[in-house]
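The values are calculated or read from the model by the stated rules, or taken from the named source; none is laboratory data. All values derive from a computational prediction rather than experimental measurement. Here the Cβ positions follow ideal geometry from the backbone for every residue, glycine too, while neighbour counts run over all protein chains shown.
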Amino acid sequence: MKIKKIKQVKVNCFEFKVIWNKTHNGGSFHYGKREIEIGTKGNQTNEIFMVICHEIMELCAVEMNVRLNRPDCDTDYLFVYDHRQHETMINMFSGIIDKFIE
């Protein structure tokens, strides 16, 4: 598999800028700024793909309104959804993740 280092990706009706960062190996997204950051430092292709999948799946959860703030921890989330929502979220996820692979 080869990863396409795209510059932007559409999530529903919003365009997100994709930032490829060589200084770390994690990932994040900022919904307000419409940015997704993917860390590539020292990562193999499969690890980079895992980071992309993590961020896109979490972004889909935000879009579906199923990512909730934990009341006991400011930096962690709960994900709560049923099988019908899972199906919709996977459809959204696969349509986005397709843009990252050749």
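Taken over segment 33-51, the criterion of being assigned to a loop (DSSP other than H, G, I, E, B) and either at pLDDT below 95 or surrounded by fewer than 13 Cβ atoms within 10 Å (Cβ to Cβ) (or both) is satisfied by LYS33, LYS41, GLY42, ASN43, GLN44. Residues of segment 55-71 being assigned to a loop (DSSP other than H, G, I, E, B) and either touching a Gly at 6+ places or on another chain (Cβ under 6 Å) or crowded, with 17+ Cβ neighbours inside 10 Å (or both), which ones? Result: VAL66, single match.
Within segment 72-93, the residues that satisfy the criterion of being in a helix (DSSP H, G or I) and of a type in the set (S, T, N, Q) are GLN85, THR88, ASN91. Reported count of residues in segment 74-102, each being in contact with a Phe, Trp or Tyr (Cβ under 8 Å, 6 or more places away or on another chain) and either exposed (fewer than 14 other Cβ atoms within 10 Å of the Cβ) or of a type in the set (Val, Ile, Thr) (or both), is 1. Applying the condition of being without any contact (Cβ under 8 Å) to a residue 12 or more places away in the chain and within 23 Å of ASP76 (Cα to Cα) to segment 1-32 and asking which residue is surrounded by the most Cβ atoms within 10 Å (Cβ to Cβ) yields HIS30.
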